[in-house]
Amino acid sequence: MEAATLNEPDLSLYRSRQGYDAIRRWYDGLLDSFEVQVASHTIDTRFGSTHMLVAGPEDGEPIVLVQALAGSAPLWYHQMPALAQQYRVYALDTPGQPGRSAPNPPPLLKGGYPNWLLDVLDALGLPSAHFAGVSSASWYIMRLAIQAPERVRKLVMVSPTGIVGARFPFKIMLTRVLNKKKDADALEDDLTTRSFMPESATEEYDRQLARAMALATRHYRLEKSLGIVNERTGRISTWASLKLVRTLFLPERRRLLKQLRTPGLIILGEHEMLYNSPALVRRVKRSLPTLDAVIIPGTGHSAMYDRPDLVNAEILSFLGAASSSRG
């Protein structure tokens, strides 16, 4: 499938041309505010074109950044300036998500994402790289490390799924995030720290993240990108939805997790909405010896936005130790 152009966008994953334009304006506006110079680069993969934002010294160690479902490359705007001081940073727009890549998502239930990431490495001419992912993308990169450990130097997994069982946030999703009766502006205003963390939380919810979530909710067809829509009837398939929930919210099978040998760092918020952070840390220490885990105080599932200073420091410290250990 060919990449959509600015003149002839593929609207199959959007509810309208106006919605597509609104998301594109947000994307371009956030990119214009970046505190580091970035280049736009597109490569070919088996799932169509993959667009990325590239920054940092050309001879720096490569790190590939992968966003969660309905996310896009500019949402790494807190991390790219810090990482690009030393590393060659590749922030990806995932195919089939609301960015600049092809509208052709890798199959979530058939191992498509690790194969897509292998194509990315091959197209960039990288034998291996560090990888960082947030939420569901942490699961993508973990599966890549299990499938092709020689291609992954180090893993950084921010608020990951796939390690312990996760709670589906029914109340939040139904009353706020999936409330399509409201327009994007109203949804954005409704998404605050109190939506995801207890009243005692002190951090303000990141407004760019709130805007991205609101626009995607209102204008982007996440259910179609996840492959849970029956193409014949146009309705959501119950069976496909159940398999999807199992994949995203239940832990990977223990025998598979035991195959993970790549050194990694897990970064968690103190008030994660999907799981109990201390319990996840105990699971990691008990059964995943190549991984370390840290909890960022006063933050939730969006720790990299709530306290980017602390998260960036943890990432840089981990990667720096990783770099020096290789000489």
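By counting other Cβ atoms within 10 Å of each Cβ, how are 213, 304 ranked from fewest to most? Present the calculation step by step, with values, prior to reporting the outcome.
Working: 213 22, 304 28.
The most exposed by this proxy come first: 213, 304.
How large is the charge dipole for segment 1-109, taken about the Cα centre, if only the Cβ atoms of Lys, Arg (+1) and Asp, Glu (-1) carry charge, to the nearest 20 debye?
Using Cβ point charges on Lys, Arg, Asp and Glu, segment 1-109 gives about 360 debye.
Once you charge only the Cβ atoms, +1 for Lys and Arg and -1 for Asp and Glu, what is the size of the charge dipole of segment 37-161 about its Cα centre, to the nearest 20 debye?
320
Can you order the peptides 9-19, 27-37 by their average number of other Cβ atoms within 10 Å per residue, highest first? Intermediate results must be reported in sequence, preceding the final value.
Numbers: 9-19: 15.0, 27-37: 13.0.
The densest-packed peptide leads the list: 9-19, 27-37.
With 10 angstrom as the radius, rank 315, 43, 228, 236 by how many other C-beta atoms surround their C-beta, starting from the fewest.
With the sparsest Cβ surroundings first, the list reads 236, 43, 228, 315.
When a/c reaches 1.5 or more, the comparison of a/b and b/c decides; with that in mind, is segment 17-99 rounded, prolate or oblate per its Cα gyration tensor?
The shape class here is oblate.
Is segment 206-275 best put as rounded, prolate or oblate by its Cα gyration tensor, with a ≥ b ≥ c the root eigenvalues, rounded for a/c under 1.5, and otherwise prolate when a/b is larger than b/c, oblate when not?
On the way: a/c = 2.68, a/b = 1.24, b/c = 2.16.
Judged from the Cα gyration tensor, segment 206-275 comes out oblate (a/c at least 1.5, b/c at or above a/b).
For 151, 235, what ranking results if the residue with the fewest other Cβ atoms within 10 Å of its Cβ goes first?
Working: 151 19, 235 11.
The fewest-first ordering by Cβ neighbours comes to 235, 151.
Please label the shape of segment 73-169 as rounded, prolate or oblate, based on the square roots a ≥ b ≥ c of the eigenvalues of the alpha-carbon gyration tensor (a/c under 1.5 means rounded; beyond that, a/b larger than b/c means prolate, else oblate). Could the numbers behind the result be given before it?
Working: a/c = 1.23, a/b = 1.16, b/c = 1.07.
Cα axes put segment 73-169 in the rounded bin.
Only the coordinates and a few stated rules stand behind these numbers; no lab work does. Just so you know, these numbers come straight off a predicted model, no measurement behind them. Every residue, glycine among them, receives a Cβ derived from its backbone with ideal geometry; neighbour counts consider all protein chains shown.
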